[in-house]
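What follows is a single structure, written as structure tokens, with notes after it.
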Amino acid sequence: MDPVFYPGSFDPITYGHIDIIERAIKVFGFVRVVIMDNPKKSTLFTVDERIDLIRECLSPITSNFEAEKHDGLLVDYCEKTGIYTAIRGLRALTDFDYEFQMALTNKALNDKVESVLFIANVKHTFLSSSLVKEIAQFDGDISEFVPPLVAQKLKAKLII
Ligand code: ADP
């Protein structure tokens, strides 16, 4: 099977991302989760913290993954690794516009790049890392959205 990678911010990883990863592993056998390090994008967790969270949340579920970071364009990652298939998740029509534009842009930059879109689980269609951060900020219950370790780290960062 072709190797695939799942690029994103994962700030932090949620059950929505985990669902996509588990389903992609069923289809492709192995997934490289790649934190695209964009210094211009402000994030709550550092790249290393996000990688640790991904590893700690996925390890009890599967060993068919790798978590790593990449700074630069997605096409540079593809050329560096020889892995040209990117997995993404699609929650709603609003995601579609962005994902469509990204997929076409990446293809324009390198025709070998393929984007594979997984339709979000209906349970997670509304779920995003930003929403989880907002709820956590007001000490809301995020146990249905993120694994316990992520909830703990979020609260430690956000609640004084
Ligand atoms: P980015 O900043 O690159 O969009 P994210 O970490 O927010 O990074 O998301 C990475 C990918 O995972 C995107 O394709 C996004 O649509 C998808 N995704 C995010 N949340 C969910 C979810 N709840 N269900 C399914 N896919 C999701």
Label-point separation, Arg55 to Glu22 (7 Å along Cα→Cβ), nm: 2.3 nm
Which of Lys26/Lys157; Lys26/Lys69; Lys69/Lys123; Lys40/Lys80 exceed 25 Å between C-alpha atoms? The answer is Lys26/Lys157; Lys69/Lys123
Calculate, axis by axis, the spread of Cα positions in segment 2-82 along the three principal axes, and write the results as whole Å, longest axis first. 34, 28, 17
Give me the aspartates and glutamates in straight-line cross-link reach of Lys107: C-alpha distance below 20 Å, same-chain residues under 8 apart excluded. Asp2, Asp71, Asp76, Glu79, Asp95, Asp97, Glu99
Do any chymotrypsin sites (Phe, Trp or Tyr not before Pro) in segment 89-160 lie in a loop, going by DSSP, with at most 11 other beta-carbon atoms within 10 Å of their beta carbon, and if so which? Phe138
Using a 1.4 Å probe over the heavy atoms of the protein chains, calculate the carbon and sulfur portion of the accessible area of segment 29-160 as a whole percent. 55 percent
Averaged across orientations, what area in nm² does the convex hull of the alpha carbons in segment 12-160 project? 9.1 nm²
Show which lysines lie in cross-link reach of Lys155 when reach means a straight Cα distance below 17 angstrom and same-chain residues fewer than eight apart are skipped. Lys133
Rounding to the nearest 10 and keeping the result within 0 to 90°, find how far the Cα-based axis of helix 93-109 lies from the longest principal axis of the chain. 40 degrees
Quick one: among Ala120, Ala108, Ala67, which has the greatest mean-square fluctuation in a GNM of the chain with alpha-carbon springs under 10 angstrom? Ala108
How would segment 58-134 be classified by its alpha-carbon gyration tensor: rounded, prolate or oblate, with rounded meaning a/c under 1.5 and the a/b versus b/c comparison settling the rest? oblate
Hey, quick one: spin label on Leu158, modelled 7 Å out along Cα-Cβ, who in segment 1-20 has an amide N within reach, i.e. under 20 Å? 9-19
Structure-based [θ]222 nm, the chain - -39500 (n - 2.57) summed over DSSP H runs of at least 4, per residue, nearest 500: -13500 deg cm²/dmol
Express the accessible area of segment 78-139 per residue in Å², computed with a 1.4 Å probe while the remaining protein chains stay in the model. 64 Å²
Mean Cβ count within 10 Å, highest first, over the residues of peptides 7-15, 70-78: 7-15, 70-78
C-alpha center-to-center spacing [segment 81-160, segment 9-37] in angstrom: 9 Å
Here the net charge surrounding Ile135, from other residues whose Cβ is less than 12 Å away from its Cβ (Lys, Arg +1; Asp, Glu -1), is -2
Modelled label-to-label distance, Leu149 and Glu114, 7 Å Cα→beta-carbon offset: nm? 3.2 nm
Show me the trypsin sites (Lys or Arg not before Pro) within segment 1-94 that DSSP assigns to loop and that have at most 16 other Cβ atoms within 10 Å of their Cβ. Lys40, Lys41
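The values are calculated or read from the model by the stated rules, or taken from the named source; none is laboratory data. These numbers come from a predicted model, not from an experiment. Here Cβ is always computed from backbone atoms with ideal geometry, including for glycine, and neighbour counts include all displayed protein chains. Heavy atoms of the whole protein, side chains included, go into the accessibility calculation; ligands, DNA and RNA do not. Shrake-Rupley method; radii C 1.70, N 1.55, O 1.52, S 1.80 Å.
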